[in-house]
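Everything on this sheet refers to the single structure shown next.
Laboratory data are not the source of any read-out in this text; all were calculated from the coordinates shown. All values reported here derive from a predicted model rather than from experimental measurement. In this analysis, Cβ positions are derived from the backbone assuming ideal geometry, glycine residues included, and neighbour counts consider all displayed protein chains.
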Amino acid sequence: MYQQKANKTVNGKKTSAKGAAMSSSHTKIKKESMDLGFLVSVMLLVVIGLIMVFSASYPTAYYETGNGFSVIQKQFLWAILGVVAMLFTSNFNYNKYKKLAGVILGGCVLLLVAVLVIGNEVNGAKRWIGFGGASFQPSEAAKIGIIIYLAYSMSNIKGKIKEFKYLVRYAVVLGGFMLLLLLEPHFSVCIIIGLTAVIMMLVAGARIRYFALASVPVAVAGVAIAVFEPYRMQRLTTFVDPFKDRLGAGWQIIQSLYAIGSGGLFGVGFGNSRQKFMYVSEPQNDFIFAIVCEELGLIGALAILALFGFMIYRGIKIAMNAPDTFSCLLVAGIVSLVAVQAVLNIAVVTSSIPTTGIPLPFFSAGGSSLVFLMAAMGIVLNVSKYKRQPKA
């Protein structure tokens with residue numbers, strides 16, 4: 001890991017005397033163009049995602065509104081806003097997030113409190129704040145906010161991350177966030193934030209054995225949360241045997257499996273899905289990957305997974321070449337966020353884990369999730385402009 005303190009300036013950045021000596025004698029920071037491979041993979045995922053949202057949403061949108069284009073029209077506008085957000089953050093120097101880390105964290109907490117007070121309640125959950133004809137989920141901002149805070153904090157304590165007391169401090173911060181999210185309730189975001197934070201801590205150098213010890217109380221808490229909430233307990237029992245209640249709780253996952261199986265090797269063809277006709281509920285959302293598999297088949301699904309894999313690979317490369325600890329952890333956190341969400345979503349759709357509301361990045365319909373995700377991609381692109389290079 002990089003060892004830096006604010007004592008001396010090297011290549012426009014502050015560093016310790018030791019870090020400066022190492023930087024000046026061994027490496028230099030060079031500004032180049034942004035990572036083209038990462039940018040292309042992100043834009044391809046956005047475009048393919050829009051195409052699949054259109055295909056998956058048309059029947060439901062037509063049935064509910066009389067306009068089959070209603071969902072894709074909104075998603076397209078959100079995608080344009082997301083590209084604008086990405087362009088802005090890709091040109092916003094990542095170092096400025098260090099000064100804003102505390103403000104961003106505090107703002108996220110206020111938003112999570114606000115949604116409990118003034119949020120719109122949908123299906124018994126308060127997750128959205130509406131303004132005008134639009135709405136957004138503060139939890140989407142919280143995902144990025146906690147990554148920025150953790151990257152800033154862990155880059156400051158450096159090697160002390162190996163000490164157990166610092167992990168306890170982060171557990172308290174994360175616990176506060178998760179408590180607010182559980183009050184919405186939004187348990188799936190708790191899982192995403194928790195796994196992303198663990199990956200960031202491991203990248204920063206935390207000892208694995210501490211997480212092994214912590215896994216016991218975390219597992220107990222997870223079971224308790226599931227047992228004391230009837231709908232979560234129902235999801236667990238449905239996961240064990242979805243066909244036991246095939247017309248009720250097991251309906252969605254059964255129809256998802258039918259869609260995946262119907263796709264075969266090459267799929268039934270774009271736009272020809274049968275399961276999207278009122279079988280898979282709201283197929284443009286969390287279960288859109290089932291429609292992808294049905295229409296594009298195994299080959300198409302694997303191609304999309306390969307595209308995700310390439311994007312994550314480029315993100316890892318950007319993190320490895322990042323100029324300092326903060327930027328390394330920042331990119332690692334954002335890339336981990338995408339990877340965790342993609343893996344969990346596909347696991348749910350294939351009935352590999354119990355059902356929970358986790359969207360597929362770039363694919364699932366949802367305005368605030370796409371905009372904040374694209375803004376995060378811009379942060380990665382900004383970091384990619386700055387690379388450590390050995391001096392000749």
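Lys and Arg at +1, Asp and Glu at -1: add these up for the other residues within a Cβ distance under 11 Å of SER364 and post the number. Display every interim value, and only then the final one.
Working: positive: none; negative: GLU282, ASP286.
Counting the neighbours of SER364, the net charge comes to -2.
Looking only at GluC sites (Glu not before Pro) in DSSP loops with at most 15 other Cβ atoms within 10 Å, what is the longest site-free stretch of the chain?
Numbers: sites that count: GLU32, GLU163.
In short, 164-392.
Only helical DSSP H runs with n ≥ 4 go in: add -39500 (n - 2.57) per run for the chain, normalise by residue count and round the 222 nm mean residue ellipticity to 500 deg cm²/dmol. Numbers along the way, then the final one.
Details: 13 runs with 262 residues, N = 392.
The helix contribution divided over the chain gives -23000 deg cm²/dmol.
By how many nm would the segment from PHE131 to VAL168 grow when fully extended, if each residue of separation counts as 0.36 nm and the alpha-carbon distance is taken off?
Length gained between PHE131 and VAL168: 9.6 nm.
Dipole magnitude of segment 93-154 about its Cα centre, charges +1 at Lys/Arg Cβ and -1 at Asp/Glu Cβ only, in debye to the nearest 20?
Its charge dipole is roughly 240 debye.
For the modelled label position 7 Å from the Cα of GLU121 along Cα-to-Cβ, which residues of segment 181-212 have backbone nitrogen atoms closer than 17 Å?
Residues passing the 17 Å test: 182-186.
If I require 24 Å or longer along the helix axis, counting alpha carbons, and a Kyte-Doolittle average no lower than 0.5, what helices from the chain are left? Use full DSSP H segments. Let's see the in-between values first.
Working: long enough: 36-65 (41 Å, 1.61); 70-90 (30 Å, 1.41); 96-118 (31 Å, 1.94); 138-157 (28 Å, 0.78); 164-183 (28 Å, 1.83); 187-204 (26 Å, 2.72); 208-227 (28 Å, 1.94); 288-320 (37 Å, 1.82); 325-349 (36 Å, 2.26); 367-384 (26 Å, 1.78).
Span-like helices here: 36-65, 70-90, 96-118, 138-157, 164-183, 187-204, 208-227, 288-320, 325-349, 367-384.
Between PHE88 and GLU32, 0.36 nm times their residue separation minus their Cα-Cα distance comes to what?
Numbers: separation 56, 0.36 × 56 = 20.16 nm, distance 1.74 nm.
Going from the current span to full extension adds 18.4 nm.
Take the residue pairs LYS158/LYS387; LYS28/LYS96; LYS143/LYS385; LYS96/LYS158; LYS31/LYS158; LYS74/LYS385 and return only those whose Cα atoms are more than 30 Å apart.
Values: LYS158/LYS387 20 Å; LYS28/LYS96 20 Å; LYS143/LYS385 24 Å; LYS96/LYS158 19 Å; LYS31/LYS158 25 Å; LYS74/LYS385 32 Å.
Those over the limit are LYS74/LYS385.
Looking at segment 300-392, which trypsin sites (Lys or Arg not before Pro) are DSSP coil and have at most 10 other C-beta atoms within 10 Å of their C-beta?
Working: sites: ARG314, LYS317, LYS385, LYS387, ARG388, LYS391; in loops: LYS385, LYS391.
Those that pass, being in a loop and sparsely packed, are LYS391.
For LEU44 and VAL227 in one chain, what is 0.36 nm times their gap in residues minus the Cα-Cα distance, to one decimal in nm? It would help to have the intermediate numbers written out before the result.
Values: separation 183, 0.36 × 183 = 65.88 nm, distance 4.11 nm.
Extending this stretch completely gives an extra 61.8 nm.
What is the magnitude of the charge dipole of the chain about its Cα centre, with +1 placed on the Cβ of each Lys and Arg, -1 on the Cβ of each Asp and Glu, and no other charges, expressed in debye to the nearest 20? Intermediate values should be presented prior to the final figure.
Working: 34 positive and 15 negative charges, 491 e Å.
Dipole about the Cα centre, nearest 20: 2360 debye.
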